[in-house]
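A short worksheet on the structure shown next.
Every number here is computed from the coordinates shown, using simple stated rules; none is lab data. What you are looking at is a predicted structure, and each value in this text was computed from that prediction instead of being measured. Please note: Cβ atoms are built from the backbone with ideal geometry, for glycine as well, and neighbour counts cover all protein chains shown.
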Amino acid sequence: MRLLWVSVALALILLAACVSRPRTPDSLPASTEQKPDAAKLVPADLAFAKPLVQLLVDSGWAVQPVRPSKLNGFFRATNKAAWIDTDKGILEVVFFDNPAQVDQIQISEGPSDIASYHKYVIKTPAETRRMEGSATYFTKHSNMLIVTIDARLNEALDRLFASYGSGPA
């Protein structure tokens, strides 16, 4: 019987010690941790990408510093494009002045003689552009046309935007 009381007393002492231990940053709940500020990841000349980067960061995506995209100047209507490297993959994002410009973009896949080679025709009211290469996924959201070659990344983007509704990023 005495052994039982000693065991209970020891358990209570250990429990009290664990409960009264001060919290360290590693033991804080995830909701209290400071999330990175997109301003530190986006250079001034790519400031138009900050809202999207902040959305990605706030949603738990790890984002590397943003760089200019090779799609900058792809469309005559805009020269705003960013290359965003995330833990889920790489995004090439073209930013337009308003969502109506993005809504007017039509994308179709043309015939190819090589099975793994894809030819895309991208039409706006003002121009027709072409993009060729590996399978490519396009997401139109708000004032952005997002291009990636990763199907899982594209699906993750779709889920992210669906969870935030149709408002701007």
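Of the peptides 85-94, 139-148, 56-65, 112-121, the ranking by mean beta-carbon count within 10 Å, highest at the top, reads 139-148, 85-94, 56-65, 112-121. In the stretch 141-164, which residues have a backbone nitrogen under 13 Å from the label point lying 7 Å from LYS70's Cα in the Cα-to-Cβ direction? Inside the label zone: 148-149. Is the stretch 106-169 best put as rounded, prolate or oblate by its Cα gyration tensor, with a ≥ b ≥ c the root eigenvalues, rounded for a/c under 1.5, and otherwise prolate when a/b is larger than b/c, oblate when not? Because a/c hits 1.5 or more and a/b fails to exceed b/c, the stretch 106-169 counts as oblate. Give the shape of the stretch 80-131 as rounded, prolate or oblate, defined through the alpha-carbon gyration tensor: a ≥ b ≥ c are the square roots of its eigenvalues, a/c under 1.5 means rounded, and otherwise the shape is prolate if a/b is larger than b/c and oblate if not. Oblate is the answer for the stretch 80-131, as a/c is 1.5 or above yet b/c matches or exceeds a/b.
Rank by packing, highest mean first: peptides 126-134, 98-106, with packing defined as the count of other Cβ atoms within 10 Å averaged across residues.
Descending mean neighbour count gives 98-106, 126-134.
Summing +1 for each Lys or Arg and -1 for each Asp or Glu, what net charge is found among the other residues whose Cβ lies under 13 Å from the Cβ of ALA135? With Lys, Arg at +1 and Asp, Glu at -1, the neighbours total -1.
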